[in-house]
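Student: Can you keep this structure in mind? I'll have questions shortly.
The values are calculated or read from the model by the stated rules, or taken from the named source; none is laboratory data. Given the structure is predicted, the values throughout are model-derived calculations rather than measurements. Neighbour counts run over all protein chains shown; Cβ positions are idealised from the backbone, glycine included. When the accessible area is computed, the model is the full protein with side chains, heavy atoms only, and any ligands, DNA or RNA have been set aside. Shrake-Rupley method; radii C 1.70, N 1.55, O 1.52, S 1.80 Å.
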Amino acid sequence: MGFKVKFAKNNNGYCYLPGQEIKIPRSALLRKGYMTESDNILTCRFRTTLALCGFIFLYALLCLRVTYVCLGKGVNIDTAIANEQIADDEVIHFKNPVKRADILDRNGEIIATSLPTVNLYANTKKIRNASDVAEKLNLIFPEISYEDFLKKLQRRGAFIYLKRNLSPAQQMQVNNLGIPGLEFEDCEKRIYPHKNLFAHVLGNTNIDNVGISGIEKNMDERLTTSTKPLYLSLDLGIQNTIRDALVEGVKQFHAEGAAAILMEAKTGQVIALTSVPDFDPNENLKVEDRAMFNFATKGVYEAGSVFKVFNTALCLESGKVKITDRFDTSKPVYFGKAKVTDPHGSHKMLTPEDILVESSNIGSTLEILKVGKEFQRKFLQSIHMDKELTAFELPETARPLFLSKQRWSNHTMATISYGYGISTTPLHIISAFSAVINGGIYHEPSLVYKKEHEGQRVVSVKTSENMRTLLRAVVTRGTGRRANVDGYQVMGKTGTADKLENGHYNHKKSISTFVSGFPESDPQYTLIVVMDDPKASKETYGYTTAGWNAVPITRNIITAIAPQLNVKADFDIEKQKSIVNAAYKK
């Protein structure tokens, strides 16, 4: 077998000798697919530049994407954990990562909110030394005993709660232990930043953040199915002012408790509602029954002479009693063996105005005898004195004790006219009182802020105007004199009733009430103040009647809140009335 050997030649045409450098033309290398060292470097540089350009392009795309998302146009906000948009009157709200909506006052101040937190639980199957873990956890959570932790850790289970609602610092301390089997569960905690201030209105939630009382209970579905904040009609500043006045009043008169409600006279919207004593809903503590009891909406009691407001209104509305009529109160009124007397024994001919000013039981009885019990009963039903106010947003409301038609005797008719025989709540009283003075329209009370308010007429405009005049006289020259605030034309009516205990009246204990409204010329607000068993003192000259406790508290409240409510003081009207009254007396 043969083969050819081809020897390369140099530029001179001779063959290369051994050890001589062989020079190959570049064109030949390119033709044959060979590269020099410099060509390899060029290729490397080209590929590096190409890769760098690719990275720059991808980085630019990432920057554009991030910018697009941050502007809110490239993300589905409904599925983002913290960015659900909700349009409300052209205002955009963003959903909190928590599940329960905030509660706000009418000015947008937060009065209840939820914060994200964690619960600590244990998978005891992964825990080797329960006693050691219990000891370490006890150092972090000294409020829980070592024995309690150990008992839980010795159970067999994959999910055993150890501590709820950890603070970030506590969560970090547990994390630093590095113990397998200690895990965290995301949750939320309800916070009430104003503590006791709205206790009886808001109520509270249980450890699972489910509403168990107050607004939290009644509106639980609304608060957990929508992230839109719930606006209440309450005003934080006004609520604080009224509660402070009540707390001071309870202390001053050594009362068992007190309650107050401020309402918009023409809408039924509640601006403030408080009952003391109260409680801090942030604390999971056992409190006394009295502190948990909301007297403003659940306290059923006989209101006494406050009911003379409704008796006078219904008598004037019937047309059978005129504002100029006069009644002889010099003699008691008898119903068989029972008789109606006046505690002060006026023994005068009294007009409807005088009957209110002097708070005459005889006069109220004589008025209603001209009208009759049928009209009386129907009128009291029209102002909801016979039913629970079910539309009100608190579950802690009570139904008045309203007698059946069969038990509505003439004597019952008389006692009801001056405040005995029917037991009701402060909420019922102020709602009815607002209707009497606001032009005659009854509005069901409400705590949730509303823009439209429907109502029903219960008295005529003329009757309402007359009642304002009569109730103003109670403050200028009657039992409500200590509530007179210059410039605000306060009107109202006092009531003091013996407490009913175990089916018998305790004449040593009483409940004092003063229901008021202002200003008389154009009623904007109504206020009720109730004192439970106030005590006599030197300052009250031994009296426990409303004129000596509930009335001065009302004056303090109106003096403070009228400027807050932007109610303009009108001193000109006061001056003109004083001149007219002086001329009339002459």
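Student: Which fully enclosed helices (runs of 4 or more DSSP H) of region 156-242 have 3 or more residues being in contact (Cβ under 8 Å) with a residue 60 or more places away in the chain and polar (S, T, N, Q)?
Tutor: Fully inside region 156-242 and qualifying: nothing.
Student: So, in region 317-327, how many residues would count as being outside any loop (DSSP other than H, G, I, E, B) and open to solvent by less than 20 Å² (accessible area, probe 1.4 Å)?
Tutor: 1
Student: Looking only at region 229-242, count how many residues are open to solvent by 40 Å² or more (accessible area, probe 1.4 Å) and more than 12 Å from the chain's Cα centre (by Cα).
Tutor: Residues flagged as open to solvent by 40 Å² or more (accessible area, probe 1.4 Å) and more than 12 Å from the chain's Cα centre (by Cα) within region 229-242 amount to 1.
Student: Something else about it: Checking the conditions here, which among 329, 274 is at pLDDT 95 or above and either assigned by TED's automatic domain parsing to the domain that holds residue 437 or among the aromatic types (Phe, Trp, Tyr) (or both)?
Tutor: Being at pLDDT 95 or above and either assigned by TED's automatic domain parsing to the domain that holds residue 437 or among the aromatic types (Phe, Trp, Tyr) (or both) holds for just one of 329, 274, which is 274.
Every residue, every condition in (1) within 20 Å of the chain's Cα centre (by Cα); (2) over 20 Å from residue 116 (Cβ atoms); (3) of a type in the set (S, T, N, Q), yes or no:
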| site | (1), (2), (3) |
| --- | --- |
| 146 | no, yes, no |
| 178 | no, yes, no |
| 187 | no, no, no |
| 224 | yes, no, yes |
| 246 | yes, yes, no |
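Student: Quick check on my filter: what residues within region 389-408 are over 21 Å from residue 499 (Cα atoms) and in contact (Cβ under 8 Å) with a residue 12 or more places away in the chain?
Tutor: If the condition is that a residue be over 21 Å from residue 499 (Cα atoms) and in contact (Cβ under 8 Å) with a residue 12 or more places away in the chain, then 389, 391, 392, 393, 394, 395, 396, 405, 408 are the ones that fit.
Residue-by-condition table, conditions (1) basic (Lys, Arg); (2) assigned to a helix (DSSP H, G or I); (3) in the same structural domain as residue 378 (by TED's automatic domain parsing); (4) open to solvent by less than 10 Å² (accessible area, probe 1.4 Å):
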{"residue": "468", "(1), (2), (3), (4)": "yes, yes, yes, no"}
{"residue": "471", "(1), (2), (3), (4)": "no, yes, yes, yes"}
{"residue": "475", "(1), (2), (3), (4)": "no, yes, yes, yes"}
{"residue": "486", "(1), (2), (3), (4)": "no, no, yes, no"}
{"residue": "508", "(1), (2), (3), (4)": "yes, no, yes, no"}
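Student: If only one of 129, 107 is within 30 Å of residue 240 (Cα to Cα), loosely packed, with under 13 Cβ neighbours inside 10 Å and either under 38 Å from the mean Cα position of the chain (by Cα) or not acidic (Asp, Glu) (or both), which one is it?
Tutor: 107
Student: For region 165-178, name all the residues that are farther than 13 Å from residue 137 by Cα and buried (at least 16 other Cβ atoms within 10 Å of the Cβ).
Tutor: 165
Student: I've got another one for you. Kindly indicate the residue of region 333-343 that is outside any strand (DSSP E or B) and not charged (D, E, K, R) and also surrounded by the fewest Cβ atoms within 10 Å (Cβ to Cβ) among those meeting that condition.
Tutor: Only one residue fits best here, namely 336.
Student: Before we move on, is residue 441 open to solvent by less than 10 Å² (accessible area, probe 1.4 Å) and in the same structural domain as residue 497 (by TED's automatic domain parsing)?
Tutor: No; evaluated as a whole, the condition is false for this residue.
Student: Go through (1) within 31 Å of the chain's Cα centre (by Cα); (2) at positive phi for residue 526 and report which single condition fails.
Tutor: (2) is the only condition that residue 526 fails.
Student: I would also like to ask the following. Where residues in region 344-380 are farther than 25 Å from residue 514 by Cβ and assigned to a helix (DSSP H, G or I), which of them is least open to solvent (accessible area, probe 1.4 Å)?
Tutor: So the residue we want is 371.
Student: Please find, within region 510-538, the residue that is surrounded by the fewest Cβ atoms within 10 Å (Cβ to Cβ) out of those that are among the small types (Gly, Ala, Ser) and in a strand (DSSP E or B).
Tutor: So, considering only residues that are among the small types (Gly, Ala, Ser) and in a strand (DSSP E or B), the one surrounded by the fewest Cβ atoms within 10 Å (Cβ to Cβ) is 510.
Student: Given 258, 296, 245, which one is assigned to a strand (DSSP E or B) and surrounded by 19 or more Cβ atoms within 10 Å (Cβ to Cβ)?
Tutor: The match here is 258.
Student: Still on this structure: Within region 395-437, how many residues are surrounded by fewer than 24 Cβ atoms within 10 Å (Cβ to Cβ), among the polar types (S, T, N, Q) and either under 32 Å from the mean Cα position of the chain (by Cα) or in the same structural domain as residue 214 (by TED's automatic domain parsing) (or both)?
Tutor: 2
Student: Need the failing condition index for residue 457 against (1) free of Cβ contacts under 8 Å to residues at least 60 places away in the same chain; (2) over 14 Å from residue 313 (Cα atoms); (3) open to solvent by 10 Å² or more (accessible area, probe 1.4 Å); (4) not hydroxyl-bearing (Ser, Thr, Tyr), just the number.
Tutor: If we test residue 457 against (1) free of Cβ contacts under 8 Å to residues at least 60 places away in the same chain; (2) over 14 Å from residue 313 (Cα atoms); (3) open to solvent by 10 Å² or more (accessible area, probe 1.4 Å); (4) not hydroxyl-bearing (Ser, Thr, Tyr), just (2) comes out false.
Student: Open to solvent by 60 Å² or more (accessible area, probe 1.4 Å), touching a residue at least 24 places away in the same chain (Cβ under 8 Å) and under 30 Å from residue 208 (Cα atoms) - does that describe any residue in region 276-285?
Tutor: Yes, some residue in region 276-285 is open to solvent by 60 Å² or more (accessible area, probe 1.4 Å), touching a residue at least 24 places away in the same chain (Cβ under 8 Å) and under 30 Å from residue 208 (Cα atoms).
Student: Based on what the data block shows, is residue 337 without any contact (Cβ under 8 Å) to a residue 24 or more places away in the chain, over 30 Å from residue 259 (Cβ atoms) and over 42 Å from the mean Cα position of the chain (by Cα)?
Tutor: Yes, satisfied.
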